[in-house]
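First comes the structure, then the notes that go with it.
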Amino acid sequence: MGGRKWSILVAIFILLIAMEAAIAQGQGGGNGKGKGNENGNGNGNGNGKEKAPKEKTPKEKTPKEKTPKEKKPKEKKPKKQHDEASDYDNLSPLPSGQERGFCRTNTTCEMKTIVCPSECAERKPKKNKKQKACFINCGSKKCEATCKVRKANCDGYGSLCYDPRFVGGDGVMFYFHGAKGGNFAIVSDDEFQINAHFIGTRPQGRTRDYTWVQALAVMFDSHTLVIAANRVSHWNDKVDSLTVKWDGELINVPTDGEAEWRANGDEREVVVERTDETNAVRVMVSGLVEMDISVKPIGEQENKVHNYQLPPDDAFAHLETQFRFKKSTDHFEGVLGQTYRPGYVSPVKRGVPMPMMGGENKYETLSLFSTSCTRCMFQRPSSIASTEGLVAQN
(Lines give C-alpha, C1' and ligand atoms only; values in the text may rest on other atoms or scores of the structure.)
Protein backbone atom coordinates (compact mmCIF):
# COMPACT_ATOMS: atom_id res chain seq x y z
CA MET A 1 0.00 0.00 0.00
CA GLY A 2 2.85 2.31 0.87
CA GLY A 3 4.62 1.52 -2.42
CA ARG A 4 1.50 2.46 -4.37
CA LYS A 5 1.26 5.83 -2.76
CA TRP A 6 4.86 6.52 -3.54
CA SER A 7 4.33 5.67 -7.21
CA ILE A 8 1.40 8.11 -7.44
CA LEU A 9 3.52 10.93 -6.01
CA VAL A 10 6.34 10.28 -8.47
CA ALA A 11 3.86 10.28 -11.37
CA ILE A 12 2.41 13.62 -10.24
CA PHE A 13 5.89 15.07 -9.92
CA ILE A 14 6.85 13.95 -13.44
CA LEU A 15 3.58 15.38 -14.82
CA LEU A 16 4.31 18.77 -13.26
CA ILE A 17 7.79 18.81 -14.74
CA ALA A 18 6.41 17.94 -18.19
CA MET A 19 3.82 20.70 -18.00
CA GLU A 20 6.44 23.33 -17.06
CA ALA A 21 8.61 22.20 -19.98
CA ALA A 22 5.68 22.55 -22.38
CA ILE A 23 4.80 25.95 -21.09
CA ALA A 24 8.41 27.09 -21.37
CA GLN A 25 8.65 25.77 -24.91
CA GLY A 26 5.52 27.65 -25.98
CA GLN A 27 6.69 30.97 -24.50
CA GLY A 28 10.26 30.74 -25.74
CA GLY A 29 9.26 29.92 -29.32
CA GLY A 30 12.16 27.51 -29.73
CA ASN A 31 10.46 25.26 -32.31
CA GLY A 32 9.31 28.10 -34.60
CA LYS A 33 5.57 27.60 -34.08
CA GLY A 34 4.94 30.15 -31.40
CA LYS A 35 3.96 33.70 -32.18
CA GLY A 36 5.97 36.36 -30.55
CA ASN A 37 7.88 39.56 -30.98
CA GLU A 38 11.50 40.10 -30.13
CA ASN A 39 10.64 39.56 -26.49
CA GLY A 40 8.96 36.15 -27.17
CA ASN A 41 5.42 37.12 -26.28
CA GLY A 42 3.84 38.89 -29.19
CA ASN A 43 3.06 38.34 -32.80
CA GLY A 44 6.50 37.36 -33.98
CA ASN A 45 7.15 33.77 -35.07
CA GLY A 46 9.91 31.64 -33.68
CA ASN A 47 12.24 31.68 -36.68
CA GLY A 48 13.31 35.23 -35.80
CA LYS A 49 11.34 36.96 -38.51
CA GLU A 50 9.83 40.13 -37.13
CA LYS A 51 7.25 42.32 -38.61
CA ALA A 52 8.50 45.88 -38.40
CA PRO A 53 5.95 48.23 -36.99
CA LYS A 54 4.55 50.67 -39.49
CA GLU A 55 6.02 54.06 -38.96
CA LYS A 56 3.48 56.80 -39.08
CA THR A 57 4.72 59.65 -41.23
CA PRO A 58 3.71 62.88 -39.56
CA LYS A 59 1.75 65.14 -41.79
CA GLU A 60 3.64 68.31 -42.56
CA LYS A 61 1.60 71.31 -41.77
CA THR A 62 2.17 74.11 -44.22
CA PRO A 63 2.65 77.25 -42.19
CA LYS A 64 0.26 79.97 -43.11
CA GLU A 65 2.03 82.96 -44.50
CA LYS A 66 1.08 86.04 -42.62
CA THR A 67 0.81 88.99 -44.88
CA PRO A 68 2.50 91.87 -43.09
CA LYS A 69 0.40 94.93 -42.80
CA GLU A 70 1.90 97.79 -44.72
CA LYS A 71 2.62 100.68 -42.44
CA LYS A 72 2.42 104.03 -44.07
CA PRO A 73 5.68 105.86 -43.52
CA LYS A 74 5.33 108.99 -41.51
CA GLU A 75 6.21 112.07 -43.44
CA LYS A 76 9.20 113.70 -41.86
CA LYS A 77 9.25 117.42 -41.96
CA PRO A 78 12.61 118.75 -43.11
CA LYS A 79 14.71 119.93 -40.23
CA LYS A 80 15.84 123.47 -40.31
CA GLN A 81 19.51 123.63 -41.21
CA HIS A 82 21.78 125.60 -38.95
CA ASP A 83 25.47 126.30 -38.66
CA GLU A 84 26.57 124.64 -35.44
CA ALA A 85 29.61 126.90 -35.11
CA SER A 86 27.48 130.05 -34.82
CA ASP A 87 24.59 128.50 -32.88
CA TYR A 88 24.95 130.53 -29.68
CA ASP A 89 23.36 133.37 -27.73
CA ASN A 90 25.25 136.60 -27.16
CA LEU A 91 26.03 137.36 -23.53
CA SER A 92 27.02 140.72 -22.10
CA PRO A 93 30.75 141.44 -22.55
CA LEU A 94 33.23 141.19 -19.71
CA PRO A 95 34.46 144.45 -18.09
CA SER A 96 37.54 144.10 -20.30
CA GLY A 97 35.31 144.36 -23.40
CA GLN A 98 35.73 140.70 -24.37
CA GLU A 99 32.53 139.41 -25.92
CA ARG A 100 30.99 136.09 -24.91
CA GLY A 101 28.72 133.46 -26.41
CA PHE A 102 26.57 130.80 -24.71
CA CYS A 103 26.37 127.67 -26.87
CA ARG A 104 22.85 126.35 -27.40
CA THR A 105 21.71 122.74 -27.13
CA ASN A 106 22.49 120.22 -29.89
CA THR A 107 25.99 121.64 -30.36
CA THR A 108 29.33 120.11 -29.46
CA CYS A 109 29.81 122.74 -26.76
CA GLU A 110 26.21 122.90 -25.57
CA MET A 111 25.52 124.90 -22.41
CA LYS A 112 29.08 126.24 -22.31
CA THR A 113 30.21 129.89 -22.34
CA ILE A 114 32.99 130.81 -24.78
CA VAL A 115 34.92 134.06 -24.23
CA CYS A 116 36.73 135.98 -26.98
CA PRO A 117 40.52 136.35 -26.56
CA SER A 118 41.87 139.73 -25.51
CA GLU A 119 43.69 139.98 -28.87
CA CYS A 120 40.32 140.07 -30.68
CA ALA A 121 37.70 141.04 -28.11
CA GLU A 122 34.93 141.77 -30.66
CA ARG A 123 33.14 139.47 -33.04
CA LYS A 124 32.42 142.24 -35.53
CA PRO A 125 35.05 144.96 -35.38
CA LYS A 126 34.09 147.89 -37.58
CA LYS A 127 37.61 148.46 -38.89
CA ASN A 128 38.09 144.92 -40.11
CA LYS A 129 40.99 145.84 -42.40
CA LYS A 130 43.23 146.50 -39.42
CA GLN A 131 41.76 144.27 -36.75
CA LYS A 132 41.00 140.56 -36.53
CA ALA A 133 37.58 139.41 -35.41
CA CYS A 134 36.65 136.96 -32.67
CA PHE A 135 35.26 133.70 -34.02
CA ILE A 136 33.17 131.79 -31.44
CA ASN A 137 32.92 128.16 -32.52
CA CYS A 138 30.34 126.04 -30.70
CA GLY A 139 31.15 123.13 -33.00
CA SER A 140 34.83 122.82 -32.06
CA LYS A 141 36.25 120.09 -29.80
CA LYS A 142 38.17 122.63 -27.73
CA CYS A 143 35.14 124.93 -27.28
CA GLU A 144 37.16 128.09 -27.64
CA ALA A 145 37.22 131.29 -29.68
CA THR A 146 39.91 132.18 -32.22
CA CYS A 147 41.02 135.35 -34.02
CA LYS A 148 40.45 135.54 -37.77
CA VAL A 149 40.52 138.10 -40.56
CA ARG A 150 37.08 138.19 -42.17
CA LYS A 151 38.19 138.84 -45.72
CA ALA A 152 38.86 136.62 -48.69
CA ASN A 153 42.34 135.12 -48.74
CA CYS A 154 43.14 135.04 -52.45
CA ASP A 155 45.92 132.49 -51.86
CA GLY A 156 43.74 130.18 -49.75
CA TYR A 157 41.72 127.12 -50.66
CA GLY A 158 38.48 127.87 -52.47
CA SER A 159 39.48 131.39 -53.57
CA LEU A 160 38.36 133.17 -56.74
CA CYS A 161 40.10 136.48 -57.41
CA TYR A 162 41.80 138.68 -60.02
CA ASP A 163 41.73 137.81 -63.74
CA PRO A 164 39.90 134.89 -62.64
CA ARG A 165 42.48 133.00 -60.68
CA PHE A 166 41.29 130.05 -58.61
CA VAL A 167 42.84 127.98 -55.84
CA GLY A 168 41.05 124.66 -55.87
CA GLY A 169 40.05 122.32 -53.08
CA ASP A 170 43.16 120.32 -53.99
CA GLY A 171 45.36 123.38 -53.37
CA VAL A 172 46.29 123.75 -57.07
CA MET A 173 46.18 127.27 -58.52
CA PHE A 174 44.76 127.79 -62.02
CA TYR A 175 43.24 130.43 -64.29
CA PHE A 176 39.87 130.16 -65.99
CA HIS A 177 39.15 132.99 -68.39
CA GLY A 178 35.67 132.08 -69.57
CA ALA A 179 34.38 134.84 -71.82
CA LYS A 180 33.26 138.45 -71.63
CA GLY A 181 29.54 138.49 -70.83
CA GLY A 182 29.56 134.75 -70.13
CA ASN A 183 28.03 132.85 -67.20
CA PHE A 184 29.58 129.73 -65.70
CA ALA A 185 28.74 127.21 -62.98
CA ILE A 186 31.37 127.58 -60.26
CA VAL A 187 29.87 124.90 -58.00
CA SER A 188 26.97 122.52 -58.62
CA ASP A 189 25.53 119.53 -56.80
CA ASP A 190 22.05 118.17 -56.12
CA GLU A 191 21.31 120.72 -53.36
CA PHE A 192 22.61 124.03 -54.70
CA GLN A 193 24.47 125.82 -57.47
CA ILE A 194 26.66 128.92 -57.62
CA ASN A 195 27.00 130.72 -60.95
CA ALA A 196 29.35 133.56 -61.85
CA HIS A 197 28.87 136.33 -64.38
CA PHE A 198 32.04 137.47 -66.16
CA ILE A 199 32.80 140.97 -67.40
CA GLY A 200 35.79 141.77 -69.55
CA THR A 201 37.52 143.53 -72.37
CA ARG A 202 39.59 142.55 -75.39
CA PRO A 203 42.21 145.09 -76.46
CA GLN A 204 43.26 145.28 -80.08
CA GLY A 205 45.73 142.61 -81.06
CA ARG A 206 44.66 140.09 -78.40
CA THR A 207 43.14 136.70 -79.13
CA ARG A 208 41.22 136.33 -75.87
CA ASP A 209 39.30 138.43 -73.36
CA TYR A 210 40.57 139.77 -70.07
CA THR A 211 37.81 138.76 -67.65
CA TRP A 212 36.71 139.27 -64.03
CA VAL A 213 33.80 137.97 -61.95
CA GLN A 214 31.22 140.73 -61.52
CA ALA A 215 28.34 138.82 -59.88
CA LEU A 216 27.56 135.57 -58.08
CA ALA A 217 24.19 133.82 -57.81
CA VAL A 218 23.68 131.25 -55.05
CA MET A 219 20.67 129.08 -55.92
CA PHE A 220 19.14 126.54 -53.53
CA ASP A 221 15.65 125.17 -52.90
CA SER A 222 13.40 127.79 -54.53
CA HIS A 223 15.61 130.75 -53.54
CA THR A 224 18.29 132.85 -55.19
CA LEU A 225 20.79 135.14 -53.46
CA VAL A 226 22.76 137.51 -55.69
CA ILE A 227 25.89 139.46 -54.75
CA ALA A 228 27.16 141.84 -57.43
CA ALA A 229 29.67 144.63 -57.95
CA ASN A 230 28.17 147.82 -59.37
CA ARG A 231 29.58 149.44 -62.48
CA VAL A 232 31.47 152.59 -61.43
CA SER A 233 33.38 155.13 -63.50
CA HIS A 234 35.82 156.15 -60.77
CA TRP A 235 36.54 154.13 -57.67
CA ASN A 236 36.01 155.46 -54.16
CA ASP A 237 36.63 153.18 -51.14
CA LYS A 238 34.12 155.12 -49.05
CA VAL A 239 31.27 154.54 -51.47
CA ASP A 240 29.50 151.18 -51.27
CA SER A 241 29.54 149.53 -54.69
CA LEU A 242 27.97 146.26 -53.59
CA THR A 243 24.46 145.09 -54.50
CA VAL A 244 22.65 142.24 -52.72
CA LYS A 245 19.35 140.75 -53.92
CA TRP A 246 17.18 138.06 -52.32
CA ASP A 247 14.69 136.35 -54.66
CA GLY A 248 14.85 139.33 -56.99
CA GLU A 249 14.29 141.97 -54.30
CA LEU A 250 16.99 144.48 -53.42
CA ILE A 251 17.98 144.22 -49.75
CA ASN A 252 19.73 146.69 -47.50
CA VAL A 253 22.48 145.38 -45.22
CA PRO A 254 22.72 147.74 -42.20
CA THR A 255 26.01 149.41 -41.35
CA ASP A 256 25.30 149.78 -37.63
CA GLY A 257 24.34 147.42 -34.79
CA GLU A 258 24.86 143.80 -35.80
CA ALA A 259 25.42 145.05 -39.36
CA GLU A 260 23.68 142.04 -40.85
CA TRP A 261 20.60 140.95 -42.77
CA ARG A 262 18.88 137.62 -42.14
CA ALA A 263 16.31 135.46 -43.88
CA ASN A 264 14.83 132.51 -42.00
CA GLY A 265 13.37 129.98 -44.40
CA ASP A 266 11.69 126.68 -43.60
CA GLU A 267 14.92 124.76 -44.07
CA ARG A 268 17.90 127.13 -44.15
CA GLU A 269 18.99 130.38 -42.61
CA VAL A 270 20.68 133.00 -44.76
CA VAL A 271 22.91 135.71 -43.26
CA VAL A 272 24.62 138.58 -45.05
CA GLU A 273 26.94 140.39 -42.67
CA ARG A 274 29.12 143.42 -43.32
CA THR A 275 32.79 142.85 -42.57
CA ASP A 276 33.75 146.43 -43.34
CA GLU A 277 31.89 149.71 -43.58
CA THR A 278 31.66 149.36 -47.38
CA ASN A 279 32.28 146.79 -50.11
CA ALA A 280 32.84 143.70 -47.96
CA VAL A 281 30.41 141.06 -46.68
CA ARG A 282 30.35 137.55 -45.29
CA VAL A 283 27.54 135.41 -46.71
CA MET A 284 26.32 132.28 -44.92
CA VAL A 285 23.74 129.77 -46.17
CA SER A 286 23.35 127.23 -43.36
CA GLY A 287 24.36 123.70 -44.24
CA LEU A 288 25.72 124.71 -47.66
CA VAL A 289 28.34 127.44 -47.95
CA GLU A 290 30.07 130.41 -46.35
CA MET A 291 31.68 133.12 -48.49
CA ASP A 292 33.86 136.13 -47.81
CA ILE A 293 33.31 138.64 -50.62
CA SER A 294 34.94 142.00 -51.36
CA VAL A 295 34.48 144.46 -54.23
CA LYS A 296 37.72 145.59 -55.85
CA PRO A 297 38.52 147.88 -58.81
CA ILE A 298 41.26 147.70 -61.43
CA GLY A 299 43.59 150.55 -60.47
CA GLU A 300 45.61 152.70 -62.86
CA GLN A 301 48.88 151.03 -61.93
CA GLU A 302 47.44 147.54 -62.43
CA ASN A 303 45.97 148.61 -65.74
CA LYS A 304 49.38 149.77 -66.97
CA VAL A 305 51.35 146.76 -65.69
CA HIS A 306 49.05 144.20 -67.34
CA ASN A 307 48.27 146.38 -70.36
CA TYR A 308 44.54 145.86 -69.95
CA GLN A 309 43.85 149.08 -71.92
CA LEU A 310 40.67 149.71 -69.94
CA PRO A 311 38.45 152.64 -70.92
CA PRO A 312 38.80 155.68 -68.64
CA ASP A 313 35.11 155.65 -67.63
CA ASP A 314 35.02 152.13 -66.13
CA ALA A 315 36.90 150.94 -63.04
CA PHE A 316 35.89 147.33 -63.79
CA ALA A 317 34.73 146.70 -60.23
CA HIS A 318 34.71 142.97 -59.58
CA LEU A 319 34.43 140.42 -56.77
CA GLU A 320 37.16 138.71 -54.79
CA THR A 321 35.71 135.66 -53.05
CA GLN A 322 36.73 132.77 -50.85
CA PHE A 323 34.37 129.80 -50.43
CA ARG A 324 34.06 127.43 -47.45
CA PHE A 325 31.64 124.58 -47.90
CA LYS A 326 29.48 123.20 -45.07
CA LYS A 327 28.53 119.86 -46.63
CA SER A 328 30.09 116.87 -48.35
CA THR A 329 31.94 117.85 -51.51
CA ASP A 330 32.35 114.29 -52.84
CA HIS A 331 30.01 114.83 -55.80
CA PHE A 332 30.66 118.49 -56.58
CA GLU A 333 30.80 119.76 -60.14
CA GLY A 334 31.67 123.17 -61.55
CA VAL A 335 34.84 125.04 -62.42
CA LEU A 336 35.83 125.14 -58.75
CA GLY A 337 33.60 122.38 -57.38
CA GLN A 338 35.25 119.58 -59.36
CA THR A 339 38.55 120.22 -57.54
CA TYR A 340 36.98 119.14 -54.23
CA ARG A 341 36.07 115.62 -55.35
CA PRO A 342 38.10 112.78 -53.83
CA GLY A 343 40.64 111.40 -56.29
CA TYR A 344 40.47 114.48 -58.52
CA VAL A 345 43.67 115.05 -60.51
CA SER A 346 44.14 118.55 -61.92
CA PRO A 347 44.81 118.64 -65.69
CA VAL A 348 46.58 122.02 -65.57
CA LYS A 349 50.30 122.33 -66.24
CA ARG A 350 52.40 122.85 -63.14
CA GLY A 351 55.31 125.23 -62.95
CA VAL A 352 54.07 127.69 -65.60
CA PRO A 353 53.20 131.35 -64.76
CA MET A 354 49.54 130.98 -65.77
CA PRO A 355 48.27 127.38 -65.63
CA MET A 356 45.03 127.36 -67.61
CA MET A 357 41.91 125.32 -66.88
CA GLY A 358 39.59 124.57 -69.78
CA GLY A 359 36.02 123.39 -69.60
CA GLU A 360 34.06 126.42 -70.77
CA ASN A 361 31.82 124.12 -72.81
CA LYS A 362 31.07 121.92 -69.77
CA TYR A 363 30.12 124.66 -67.33
CA GLU A 364 28.70 127.56 -69.38
CA THR A 365 25.09 128.43 -68.53
CA LEU A 366 22.52 130.46 -70.46
CA SER A 367 22.31 133.16 -67.79
CA LEU A 368 23.41 134.00 -64.27
CA PHE A 369 20.26 132.27 -63.00
CA SER A 370 20.25 129.22 -65.27
CA THR A 371 20.97 125.82 -63.69
CA SER A 372 21.49 124.12 -67.06
CA CYS A 373 24.90 123.12 -68.33
CA THR A 374 26.54 119.92 -69.54
CA ARG A 375 27.81 118.98 -66.08
CA CYS A 376 25.36 120.87 -63.85
CA MET A 377 23.58 118.73 -61.23
CA PHE A 378 21.19 121.13 -59.48
CA GLN A 379 17.64 121.26 -60.79
CA ARG A 380 14.57 123.31 -59.96
CA PRO A 381 11.51 124.69 -61.82
CA SER A 382 12.64 126.75 -64.80
CA SER A 383 9.94 129.33 -64.10
CA ILE A 384 11.89 130.56 -61.08
CA ALA A 385 14.73 131.89 -63.20
CA SER A 386 12.45 134.30 -65.03
CA THR A 387 11.46 136.04 -61.79
CA GLU A 388 15.00 137.17 -60.93
CA GLY A 389 15.99 140.80 -61.34
CA LEU A 390 19.05 141.03 -63.54
CA VAL A 391 22.06 142.81 -62.07
CA ALA A 392 24.76 141.46 -64.36
CA GLN A 393 26.70 143.60 -66.78
CA ASN A 394 28.59 142.86 -69.93
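Any idea how far the Cα center of region 297-323 sits from the one of region 114-177, in Å? So the two Cα centres are separated by 24 Å. Phi-derived couplings, Karplus 6.51 cos²θ - 1.76 cosθ + 1.60 at θ = phi - 60°, listed residue by residue for region 370-377: 7, 9, 9, 7, 4, 10, 5, 10 Hz, with x used for Gly and Pro.
What nm distance separates the two modelled labels at N303 and S328, each placed 7 Å from Cα along Cα→Cβ? It is 4.9 nm.
Note on region 159-365: Lys pairs 8 or more places apart or on different chains, Cα atoms under 23 Å apart, count 9. For region 81-150, a simple Cβ point-charge model (Lys and Arg +1, Asp and Glu -1, everything else neutral) yields a dipole of about 480 debye relative to the Cα centre. Amide H contacts under 5 Å for G182: F198, restricted to partners 5 or more places along the chain or on a different chain, H placed in the peptide plane at 1.01 Å from N. Extending 7 Å from the Cα toward the beta-carbon at both K148 and T108 defines two label points whose distance is 1.2 nm. Remark: region 81-150 carries 61 Å² of accessible area per residue (probe radius 1.4 Å; ligands, DNA and RNA excluded).
Full extension of the chain between D237 and S367 gives 43.8 nm of extra length, using 0.36 nm per residue less the Cα-Cα distance.
For region 358-379 and region 261-294, what is the separation of their C-alpha centers, rounded to whole Å? Rounded to whole Å, the Cα centres lie 24 Å apart.
The values are calculated or read from the model by the stated rules, or taken from the named source; none is laboratory data. Because the structure is predicted, anything quoted here is derived from the model rather than measured. Neighbour counts run over all protein chains shown; Cβ positions are idealised from the backbone, glycine included. The area values use the complete protein model at the heavy-atom level, side chains included, leaving out ligands, DNA and RNA. Shrake-Rupley method; radii C 1.70, N 1.55, O 1.52, S 1.80 Å.
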